[in-house]
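Asks: Sending over a structure as structure tokens; questions will come in a sec.
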Amino acid sequence: QVQLVESGGGLVQAGGSLRLSCVASGISFNSYRMGWYRQAPGKQRELVATITRVGTTNYEDAVKGRFTISRDNAKNTVYLQMNSLKPEDTAVYYCNARFWASSSDYWGQGTQVTVSS
């Protein structure tokens, strides 16, 4: 069974940093585009960042220059380094895996990130 397991969330003060990790199992990891999405209470889920099989990255405008997505194919893991965190970054962050030849997605259960003022 496919599993995406996120970790690294928590409570930090504004200006602080966190690194999220997502370990995938049950898929051929290097065949998937990996991504991070987030959803705040009362808001729609939004894209944060994606990284392709070959390392091409895309970022939501709100996080450009602050967040960095990376992947380690040997460890079946995707990371999101989050710096200069702001209260508006508070959300549940979800790991996403999308097969390169389709739009079928797998999702993790999410990890809570809370940034205090």
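Asks: Search region 38-57 for residues being open to solvent by 50 Å² or more (accessible area, probe 1.4 Å) and among the charged types (D, E, K, R), and hand back the single one that is farthest from Gly16 (Cα to Cα).
Replies: Arg53
Asks: Take the residues in region 52-66 that are touching a residue at least 24 places away in the same chain (Cβ under 8 Å) and not β-branched (Val, Ile, Thr), then tell me which one is nearest to Phe29 (Cα to Cα).
Replies: Arg53
Asks: Let me ask something else. Within region 58-117, how many residues turn out to be open to solvent by 60 Å² or more (accessible area, probe 1.4 Å), assigned to a strand (DSSP E or B) and hydrophobic (A, V, I, L, M, F, W, C)?
Replies: 2
Asks: Within region 58-90, track down each residue that is within 16 Å of Cys22 (Cα to Cα) and among the aliphatic types (A, V, I, L, M). Working first, answer last.
Replies: The initial filter retains those residues of region 58-90 that are within 16 Å of Cys22 (Cα to Cα), namely 67-82.
Result: Ile69, Ala74, Val78, Leu80, Met82.
The values are calculated or read from the model by the stated rules, or taken from the named source; none is laboratory data. Note that the structure is a prediction, hence the values are computed from the model and not measured. Cβ: placed from backbone, ideal geometry, glycine included. Neighbour counts: every protein chain shown. With ligands, DNA and RNA removed, areas are computed over all heavy atoms of the protein, side chains included. Shrake-Rupley method; radii C 1.70, N 1.55, O 1.52, S 1.80 Å.
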